[in-house]
Amino acid sequence: MSEKVITCTLNGVILTAISGQSIAAAMISSGERINRTTRIDGSFRGIFCGIGACFDCLVVVDGVSNQRACITEVRNGMTIQTQRGAGP
Ligand code: FES
């Protein structure tokens, strides 16, 4: 089985990933551990549960905020941004 390498951007920087990976997996592979900051005090949040339950991994995908990185599949050409507070 061959892996298909795809390309997207993370905060404006080219990110390569494997087709079928979650956004979270692609971010971790690139060394990025921070997905968002909280609304109240700007604390950093990253992957916690990894199964879509805690919402700590929210990112902005193609301009749409509040997307769970751990359960969203990365796609070729996708634009991913770490999320500040409630959204972009
Ligand atoms: S890490 Fe908990 S919802 Fe994504």
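The numbers here are math on the coordinates, done by the rules we state, and not lab data. Worth saying up front: this structure is predicted, and the values here are computed from it rather than measured. Here Cβ is always computed from backbone atoms with ideal geometry, including for glycine, and neighbour counts include all displayed protein chains.
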* **Total charge dipole magnitude, the chain, about the Cα centre, Cβ charges on Lys, Arg, Asp, Glu only, Debye to nearest 20** => 120
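Calculate for the chain the 222 nm mean residue ellipticity that helices alone would give, adding -39,500 (n - 2.57) per DSSP H run of length 4 or more and normalising by residue count, nearest 500 deg cm²/dmol.
The helix-only estimate for the chain comes to -2500 deg cm²/dmol at 222 nm.
If each residue of separation counts as 0.36 nm, what is the full-extension length gain between residue 66 and residue 2 once their alpha-carbon separation is subtracted?
Details: separation 64, 0.36 × 64 = 23.04 nm, distance 3.19 nm.
Stretched fully, the residue 66-residue 2 segment lengthens by 19.9 nm.
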* Long-range HN-HN contacts of residue 85 with modeled amide H, under 5 Å -> 37, 38
* So, in nm, how far is label residue 44 from label residue 28 when the simple model puts each one 7 Å beyond its Cα toward the Cβ? -> 1.6
